[in-house]
Amino acid sequence: MRLIVSYFVGLVFGIGISLSGMANPAKVLNFFDVFGTWDPSLAFVMGGALIVTFVGYRYVLRRPGPMLEARFMLPTKTDLDARLIGGSALFGVGWGIAGFCPGGALPALGTLMPDVFVFVASVAAGIWIARALQTFTPAPAA
């Protein structure tokens with residue numbers, strides 16, 4: 001059952017990303033080009049996502065527990081550290097350069113554009129490198 005639900009959630013996400021234009025790197029790059037060919041339409045997409053998330057979390061977290069898990073898996077860390085800020089900055093720079101975020105790139109794999117495959121491979125390599133580096137650096141004090 002969990003696999004079926006995961007499939008449908010991913011399908012809805014992919015369709016939403018594709019219909020909103022967030023899988024189109026040209027549209028994303030135009031959103032970031034405020035002083036050039038600025039396209040503000042993605043601001044409405046992100047704003048809509050924030051509203052749905054805000055309402056959805058309040059609704060779902062009132063339930064006694066999730067339907068397919070033993071408990072809700074929510075982040076417990078609340079402090080801002082160098083890893084979080086650095087990772088966020090790296091994500092933003094990569095999004096601005098490539099026009100893809102990982103969430104938008106995965107549905108775009110269906111376009112079979114070579115750029116998408118290069119981006120997804122680069123993200124996978126970055127994840128692998130980050131995990132490898134974690135084994136060599138001490139964990140931050142909690």
Check your understanding: With THR76, THR37, THR53, THR111 as the choices, which residue is under 30 Å from THR137 (Cβ atoms), among the polar types (S, T, N, Q) and out of contact with any Ser or Thr (no Cβ under 7 Å at 6 or more places or on another chain)?
Key -> THR76
Practice item. Kindly indicate whether any position in region 9-30 is polar (S, T, N, Q) and at pLDDT 90 or above. Key: yes
**Study point:** Residue within region 41-58 that is in contact (Cβ under 8 Å) with a residue 24 or more places away in the chain and either part of a helix (DSSP H, G or I) or of a type in the set (Val, Ile, Thr) (or both) present
**Key:** yes
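Taking GLY99 as the residue in question, decide whether it is more than 23 Å from GLY16 (Cβ to Cβ) and touching a Lys or Arg at 6+ places or on another chain (Cβ under 9 Å).
In short, no.
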Study note, to complete from the structure: Only one of (1) of a type outside the set (D, E, K, R); (2) more than 24 Å from ALA23 (Cβ to Cβ); (3) without any contact (Cβ under 8 Å) to a residue 12 or more places away in the chain does not apply to LEU68, and that is (3)
**Study point:** Pick from region 120-139, criterion of a type outside the set (Phe, Trp, Tyr) and exposed (fewer than 10 other Cβ atoms within 10 Å of the Cβ), ranking: modelled with the lowest pLDDT
**Key:** ALA139
Practice item. Test each condition in (1) exposed (fewer than 10 other Cβ atoms within 10 Å of the Cβ); (2) more than 19 Å from the chain's Cα centre (by Cα) for THR37 and report the one that comes out false. Key: (1)
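Results for (1) of a type outside the set (S, T, N, Q); (2) in contact with a Gly (Cβ under 8 Å, 6 or more places away or on another chain); (3) closer than 29 Å to ARG2 by Cα, shown as yes or no for each residue.
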site: GLY36; (1), (2), (3): yes, no, no
site: SER41; (1), (2), (3): no, yes, no
site: VAL45; (1), (2), (3): yes, yes, yes
site: ILE51; (1), (2), (3): yes, no, yes
site: ALA89; (1), (2), (3): yes, no, no
site: GLY99; (1), (2), (3): yes, no, no
site: LEU106; (1), (2), (3): yes, yes, yes
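With the requirement that a residue be charged (D, E, K, R) and either on the phi > 0 side of the Ramachandran plot or in a helix (DSSP H, G or I) (or both), what does region 8-40 give you?
LYS27
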**Study point:** Number of the exception - GLY87 against (1) under 29 Å from GLN134 (Cβ atoms); (2) among the small types (Gly, Ala, Ser); (3) exposed (fewer than 10 other Cβ atoms within 10 Å of the Cβ)
**Key:** (3)
Practice item. Enumerate the pairs (first residue in region 10-37 and of a type in the set (Val, Ile, Thr); second residue anywhere and in a helix (DSSP H, G or I)) with beta-carbon separation below 6 Å, excluding pairs fewer than 6 apart on the same chain, so at least 6 apart or on different chains. Key: ILE17/GLY104; ILE17/PRO107; THR37/ASN30
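The values are calculated or read from the model by the stated rules, or taken from the named source; none is laboratory data. Small disclaimer: the values here were computed from a predicted structure and weren't measured. Note that each Cβ is placed from the backbone with ideal geometry, even for glycine, and that neighbours are counted across all protein chains shown.
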